[in-house]
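To start, the structure itself, in structure tokens.
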């Protein structure tokens, strides 16, 4: 097993050889970059000038002192994103607008300089070298037409390592996408978990799957259900890697190595913490909490202790690949997606691991509503063929494999409604999947 290429890459950025890299050197570098970033935002950012009033960069004597600085939230960025800028607007080369996952929230705008985007290209080049080699072809199932979009940056990163990146966009027609994979002799895919699943479960003429040969798949944008990973490995016999990133962190945050057991993090550009979502205090090593990050090298719109809303944990055990880099377990869902039901907690991960093993299921959505003081779990499914009563019955049976659902129904505290929403891939973009709680809205 080869060591993650991120180790030598981070060592070069710090200024040492890969064999000389230690945790102490990484943390010294991160502390230095944190102080410089704090100084930058205090001088240049209107928002942080107010937030960090009275705090001096020299007050940060160690990484643990960062806990004394307040976190940044998505809502604060939505209110006035321009207050976060540390450069003039004519130095911004890319503006990304993210719509709220709710129905009424203001969009969130994020700003990047050319130099910020070059950092992402550099990370993509190194991170992808685990999956592909010079001469390979990668079909990118993400937006890539616009300059500076995620697909465009990935194409440029791949080009730097002698790999051809083919921008495709989201999967709208699985048959056409599979035809491109075969025609172009594609070696690897990069895409959203449920969209890639729609390719593996597509049935052509005669109800048969389309045989393709792939070297690797990288799943990104949303958290990766284990059931989908297993299905792709079974269907295509290839390695399935996970990538963790979001627009706020400059798209790239961490990627799995050949051990396929968690993300090695982009530690030269980002500093990660896992916090208790209620108290915002650091959790003990290895415990699950909210992922929070601080940018270390961004100049356009640096972010200090940004709360991602994602749930994960650091893995304290050494990685089999031999690296000294930190490793974060795969994200298990959204913090606000863990909902109380009948004295227990129901998560999207519970539903994913119960439903995605069902043959023919492509995607689903879930919500919790309340009628006459009785909670109702509403599940709408998309399948690769008409579900019918038999399909609905299979979904109900799978949901009964979740202990909380079974016990809540027996106690008369929960009812379950399953609806067939359509045949085929719904063609959805990068919306993070979560259980929508309609009880708060009185529905």
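The values are calculated or read from the model by the stated rules, or taken from the named source; none is laboratory data. Small disclaimer: the values here were computed from a predicted structure and weren't measured. Counting neighbours? That spans all protein chains shown, and the Cβs are built from the backbone with ideal geometry, glycine included.
Overview of values
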{"item": "Which listed residue is surrounded by fewer than 17 Cβ atoms within 10 Å (Cβ to Cβ), at pLDDT 90 or above and more than 19 Å from residue 230 (Cβ to Cβ), from 403, 357", "result": "403"}
{"item": "Identity of the residue in the range 325-343, touching a strand residue (DSSP E or B) at 6+ places or on another chain (Cβ under 7 Å) and assigned to a strand (DSSP E or B), that ends up nearest to residue 5 (Cα to Cα)", "result": "327"}
{"item": "Residue list for the range 222-262, filter: out of contact with any strand residue (DSSP E or B) (no Cβ under 8 Å at 6 or more places or on another chain) and closer than 30 Å to residue 300 by Cα", "result": "222, 251"}
{"item": "Test: residue in the range 150-162 that is assigned to a loop (DSSP other than H, G, I, E, B) and touching a strand residue (DSSP E or B) at 6+ places or on another chain (Cβ under 9 Å)", "result": "no"}
{"item": "Filtered residues of the range 368-426 (kept if touching a strand residue (DSSP E or B) at 6+ places or on another chain (Cβ under 8 Å) and in a loop (DSSP other than H, G, I, E, B))", "result": "384, 385, 386, 387, 402, 412, 413, 424, 425, 426"}
{"item": "Which listed residue, of 42, 67, 50, 13, is part of a helix (DSSP H, G or I), under 30 Å from residue 151 (Cβ atoms) and either touching a residue at least 60 places away in the same chain (Cβ under 8 Å) or out of contact with any strand residue (DSSP E or B) (no Cβ under 9 Å at 6 or more places or on another chain) (or both)", "result": "13"}
{"item": "Count - residues of the range 22-33 that are without any contact (Cβ under 8 Å) to a residue 12 or more places away in the chain and surrounded by 14 or more Cβ atoms within 10 Å (Cβ to Cβ)", "result": "1"}
{"item": "Among residues of the range 79-94, those that are surrounded by 14 or more Cβ atoms within 10 Å (Cβ to Cβ) and either modelled with pLDDT under 95 or touching a helix residue (DSSP H, G or I) at 6+ places or on another chain (Cβ under 7 Å) (or both), counted", "result": "5"}
{"item": "Per-region count, the range 134-146, residues in contact (Cβ under 8 Å) with a residue 24 or more places away in the chain and in a loop (DSSP other than H, G, I, E, B)", "result": "8"}
{"item": "Residue satisfying condition, being farther than 27 Å from residue 255 by Cβ, assigned by TED's automatic domain parsing to the domain that holds residue 323, modelled with pLDDT under 95 and surrounded by fewer than 16 Cβ atoms within 10 Å (Cβ to Cβ), within set 15, 54", "result": "54"}
{"item": "Residue list for the range 198-221, restricted to those being part of a helix (DSSP H, G or I) and touching a helix residue (DSSP H, G or I) at 6+ places or on another chain (Cβ under 6 Å)", "result": "198, 199, 200"}
{"item": "Residues of the range 118-139 classified as more than 20 Å from the chain's Cα centre (by Cα) and closer than 20 Å to residue 299 by Cβ, total", "result": "1"}
{"item": "All positions within the range 344-359 that are out of contact with any strand residue (DSSP E or B) (no Cβ under 6 Å at 6 or more places or on another chain) and either part of a loop (DSSP other than H, G, I, E, B) or assigned by TED's automatic domain parsing to the domain that holds residue 199 (or both)", "result": "356, 357, 358, 359"}
{"item": "Complete set of residues in the range 231-250 that are over 9 Å from the mean Cα position of the chain (by Cα), within 25 Å of residue 326 (Cα to Cα) and either crowded, with 20+ Cβ neighbours inside 10 Å or without any contact (Cβ under 8 Å) to a residue 60 or more places away in the chain (or both)", "result": "240, 241, 248, 249, 250"}
{"item": "Out of 302, 316, 320, sole residue that is part of a loop (DSSP other than H, G, I, E, B), more than 21 Å from residue 288 (Cα to Cα), in the same structural domain as residue 270 (by TED's automatic domain parsing) and out of contact with any helix residue (DSSP H, G or I) (no Cβ under 9 Å at 6 or more places or on another chain)", "result": "320"}
{"item": "Flag for residue 36 being at pLDDT 95 or above, more than 24 Å from the chain's Cα centre (by Cα) and surrounded by 17 or more Cβ atoms within 10 Å (Cβ to Cβ)", "result": "no"}
